[in-house]
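The values are calculated or read from the model by the stated rules, or taken from the named source; none is laboratory data. On a predicted model such as this, the values are computed, not experimentally measured, just so you know. No Cβ is skipped: glycine too gets one built from the backbone with ideal geometry, and neighbour counts run over all protein chains shown.
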Amino acid sequence: MRWLAVTGVIGTLLCCSLARAENPDEAIARAHFQTGLSYYESDHYASAVKEFQEAWRLSRRSAILYNIARTFEKLDDPARAVVHYRRYLEAVPNPPELAQVSEAIARLVPAPRP
C-alpha cells in the first residue's frame, strides 16, 4: 500500500512535469508512464517495466528510475532493481525515499561470503 502512495505522488509530480513540456517525446513519455502505472497496479509487472523503460528513454525523468527499480523487485530481479535504485540515487542524491531505497538495496544485495 505504501508503494502505491509513493507511486501516486511520483506519478502525479512526473505527469504534471511532463504536461508542461512542449516536446512531443514528453507527451509520449507521459502516456507510457501512465500505461506502466496501470499495468503495475494490475500486477502485470513485465508490461509495466517495459512502459516505464520507454518513458525513461523518452524523458530521462529521474523519478522513473525509482518506478523501474520497484517493478524489477516485483519481477524478482534483484540485480536489475539494484542497478536502477543506484541510478536513481545518482540522479537524485537526497530523494524523499532515501531510507526506502537504501533499505531495498541492502536487502537485495547479497551479503559477502566469509
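Listing for the model above:
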read-out	value
Those residues of the range 43-77 which are assigned to a helix (DSSP H, G or I), touching a residue at least 40 places away in the same chain (Cβ under 8 Å) and not aliphatic (A, V, I, L, M), in sequence order	Ser59, Tyr66, Asn67, Arg70
Among residues of the range 100-114, those that are out of contact with any helix residue (DSSP H, G or I) (no Cβ under 7 Å at 6 or more places or on another chain) and in a helix (DSSP H, G or I), counted	5
Condition check for Asp25: surrounded by fewer than 16 Cβ atoms within 10 Å (Cβ to Cβ), modelled with pLDDT of 85 or more and not in a helix (DSSP H, G or I)	no
Flag if Tyr39 is surrounded by 20 or more Cβ atoms within 10 Å (Cβ to Cβ) and out of contact with any Cys (no Cβ under 8 Å at 6 or more places or on another chain)	no
Residue that is farthest from Arg60 (Cα to Cα), among those in the range 91-114 that are modelled with pLDDT of 90 or more and loosely packed, with under 11 Cβ neighbours inside 10 Å	Ala106
Qualifying residue in the range 81-90 (condition: in a loop (DSSP other than H, G, I, E, B), at negative phi and surrounded by fewer than 16 Cβ atoms within 10 Å (Cβ to Cβ))	no
